[in-house]
Amino acid sequence: MKIQELRQMTLVQLQEKLKKTERELARVRFHVRTGQNQNTAQIKKLRLLVAQIKTLLRDEQFIAAKTAQK
């Protein structure tokens, strides 16, 4: 998923996407450790996606706090 697609999502959609991605990451890690999946590159992609979503959520919180102060 591209960052532009994430930026178009609402706050609720981002939170749901974060939960889904974190669950998927846990599932992939489990499968790699048990030998059911050899694609370790998928872990890196999911970790990157989680980081991007968390960054966007943090930016939204920062913007909301800044506008609340004014």
The chain: calculated mean residue ellipticity at 222 nm from DSSP helix runs of at least 4, using -39500 (n - 2.57): -28000 deg cm²/dmol
DSSP-assigned coil residues among trypsin sites (Lys or Arg not before Pro) in the range 1-45, each with at most 13 further Cβ atoms within 10 Å: Lys2
Mean separation of Cα contacts under 8 Å, 6 or more apart, over the residue count of the chain: relative contact order %: 39 percent
Lys pairs, the range 3-69 - Cα-Cα below 21 angstrom, 8 or more residues apart or on other chains: 12
Fewest-first ranking of Thr40, Thr21, using other Cβ atoms within 10 Å as the exposure measure: Thr40, Thr21
Convex hull volume of the range 1-64 per residue (C-alpha atoms, cubic angstrom): 71 Å³
Virtual spin-label span in nm between Gln13 and Ala26, 7 Å along Cα→Cβ: 2.5 nm
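A short reminder: the numbers here are calculations on the coordinates, not readings from a lab. All values reported here derive from a predicted model rather than from experimental measurement. Note that we place each Cβ from the backbone using ideal geometry, even for glycine, and neighbour counts take in every protein chain shown.
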